[in-house]
Amino acid sequence: ITDDERYILSGGRSNIVSRYELLTGKKTFDTYRTREAMIQSLAVVPGNDVLAIGTHKTIDLYDVNSYKMIRIFEQKTDRIEAIAFSPDGRQLISSSMNYVYIWNLETGDLQHSYARNLYDVKNNSTWDDLVASIMFSPDGKFFYFVKYENNLVKIEEHASDNGRLTRTLPLSGSY
């Protein structure tokens, strides 16, 4: 959903992102043909001027006004499952089944990477289990991810600057 709450974007097995009016459900157009066939996730930067499309192992950034590609982030590990922009629009976070990456949008640099059962040399961090979805806190100081552990769903909060676990939010139920 765009920040102005006018549109919802969708993608899937085709390599096309479609835009729909949120109030009417009317499809306004198909756009953004990706290089890979399967679209895994979508995110719109706060302010609605950049669209991120997560495919198999890349995230393509597009200018929503010109429809031109701005940058490609390559994730050399698992398939990208979820992506989100920081509230200030300066960072992009991506998650796969086993990894989380934080990218600098301006430079294209990878700022942090955290892997399942692997050590993050930069920040002395580790964690386990499946990362299913991801988001930043409103102030950008934390990121949250949903993980599946022993047939339970948990939400973990991590510091954005070093990846350290700050708390686990308990949820009831299982999957």
The simple spin-label model distance between Asn15 and Leu152, using points 7 Å out along Cα→Cβ, in nm, is 4.3 nm
Straight-line reach check, Lys57, cutoff 17 Å on alpha carbons, 8 or more apart in-chain or any other chain, hits among lysines -> Lys76
For Arg71, residues with placed amide H under 5 Å, excluding near neighbours: Leu61
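FYI, it's all coordinate maths here, none of it is from the lab. Just so we're clear, the structure is a prediction, and the values are computed from it rather than from any experiment. Please note: Cβ atoms are built from the backbone with ideal geometry, for glycine as well, and neighbour counts cover all protein chains shown.
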